[in-house]
Structures are given as structure tokens and as C-alpha cells.
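Here is the structure we will look at.
The values are calculated or read from the model by the stated rules, or taken from the named source; none is laboratory data. Owing to the predicted nature of the structure, the values given are computational and were not obtained by experimental measurement. When we count neighbours, we look across all protein chains shown, and the Cβ atoms used for this are built from the backbone with ideal geometry, even at glycine. For the accessible areas, the whole protein counts, side chains as well, though only heavy atoms, and no ligand, DNA or RNA atoms are used. Shrake-Rupley method; radii C 1.70, N 1.55, O 1.52, S 1.80 Å.
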Amino acid sequence: MGCVSSKQFKRAPGYEDPNILAKGTTFSVNEVEALYELYKKISHSIFKDGLIHKEEFQLALFRNSNRKNFFADRIFDLFDLKRNGVIDFGEFIRSLNIFHPDTPLAEKIAFAFRLYDLRGTGYIEREELKEMVLAILNESDLLLSDDAVEQIVDQTFEQADMNGDGRIDPDEWKVFARKNPALLKNMTLPYLKDITMAFPSFVLTSAVGDEEL
């Protein structure tokens, strides 16, 4: 017996049957229903329209709807599967599933690739990687010289760009990520494996740490 009625679910934009969502993700039906409580809380925190707007996403992550955060913007954009500027319930469940401990590593690697592929070209280019490195350092309040940043980017490309064409393709990224598992450590939220109605605060840090590049 679920903890949220089907009637309540049908009032949520992007409603999908919890059974269908459970079949397509690692979550059980009861876990999907529990996550609805989290979704409802976030989606009514500012605009109260049952959809998660970027400001509400920022508020959920940082308790501040006005704080600009590079990683929150990137994660929001990747959660927004329909590319319409909001996250509905179905998108929320399918995207959050990436961070489940039991989700296959290949899916986490693919998500991380999209995170770095800032322009959506299907490749991670040098300038994109540099932008990510600078964002990581900024989020961590770390100051490095331009030379140090260039060295980080050069070393990463030396390892990852195996065919030497100046960009990292999805296959190269898969090999690189498997050799450097620390890149994916924040792609897993352990508490998603044991969701109850006493759901913990929704805290999502940047997908990579400054020490991991």
C-alpha cells in the first residue's frame, strides 16, 4: 500500500503511474511515492504550481533561491529532459534515478559525460573542461594560477584523449572514468537506497570535486 494516493499523484504535472516509473527505474513503487513528498515540497516552495523551477531547485540545494551555482544550473538542465525550463515529476524520478546506488555504472558515466559536454556537441572539448575546472575551483574557494589550471587540463587530456584529436568522445570518457572512479563518487546518493517518509534534506553537491581532476 503506497503512502500517497493515486489521486494525489494525478494532480502533479508530468504525472506517471508510480508502477510505470518503478519499472523504468531502480526505485520501488513505495519509494516513488515517498519521493513524491520531496517533489511536492520542492515544487511548491516558491511558485506553487507543482513544477520545479530553477529558483526552487537552487533553494532546495542551497536554501537560497538567488545564489548562482554553475553545477546546480548544469544538473537542472540535465534533469529538464523536455527542455522546457521546468522539471516535472516524471523527469524528477528518472533523473534522480541516476544517483541511486544500484544504478549501473554505465548510466552514471554517461550522465557525467553530459555534465561536462557543456555545448551539447557529443564531445568534451578543451575549453569545456577548463570551464569546469575553473567552476570547481570557484565553488571550492580555491585559487590556482593560470598555469596550474592549464596543467590540470593538459594532464586530463593527456590521459583521456587517447586518439589525440583534441577532444574527448564518449568511448574515451568511459575508459577514463573507469580508470578514475573518484570522478563519479558524487554520482551516488547513498540515502536513495533506503527512502522513507522521513526523507533527508535534499543535498546534492557538485558532480566532481576539485581534487579529482
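A few remarks follow.
- Hits in the range 161-189 (condition: in a helix (DSSP H, G or I), free of Cβ contacts under 8 Å to residues at least 24 places away in the same chain and either of a type in the set (Phe, Trp, Tyr) or within 18 Å of Thr121 (Cβ to Cβ) (or both)): Asp171, Glu172, Phe176
- Qualifying positions in the range 1-14 - open to solvent by 70 Å² or more (accessible area, probe 1.4 Å) and modelled with pLDDT of 60 or more: Arg11
- Every residue from the range 149-160 that is exposed (fewer than 14 other Cβ atoms within 10 Å of the Cβ) and closer than 15 Å to Glu127 by Cβ: Asp154
- Extreme residue, modelled with the lowest pLDDT, among residues of the range 94-148 that are open to solvent by 30 Å² or more (accessible area, probe 1.4 Å) and among the hydroxyl-bearing types (Ser, Thr, Tyr): Ser140
- Residue in the range 161-194 that is surrounded by the most Cβ atoms within 10 Å (Cβ to Cβ), counting only those that are within 25 Å of the chain's Cα centre (by Cα) and among the small types (Gly, Ala, Ser): Ala177
- Of the helices (runs of 4 or more DSSP H) lying entirely inside the range 57-133, those containing at least 3 residues that are closer than 23 Å to Pro181 by Cα and either polar (S, T, N, Q) or under 10 Å from the mean Cα position of the chain (by Cα) (or both) are 70-79, 105-116.
- Residue match in the range 60-77 (condition: surrounded by 17 or more Cβ atoms within 10 Å (Cβ to Cβ), farther than 26 Å from Glu172 by Cα and touching a His at 6+ places or on another chain (Cβ under 9 Å)): no
- Taking (1) β-branched (Val, Ile, Thr); (2) closer than 21 Å to Ile75 by Cβ; (3) in contact (Cβ under 8 Å) with a residue 40 or more places away in the chain in turn, Ile152 satisfies each apart from (2).
- The set of residues from the range 32-59 being open to solvent by less than 20 Å² (accessible area, probe 1.4 Å), farther than 22 Å from Asn19 by Cβ and either at pLDDT below 90 or not aliphatic (A, V, I, L, M) (or both) comprises Glu56, Phe57, Gln58.
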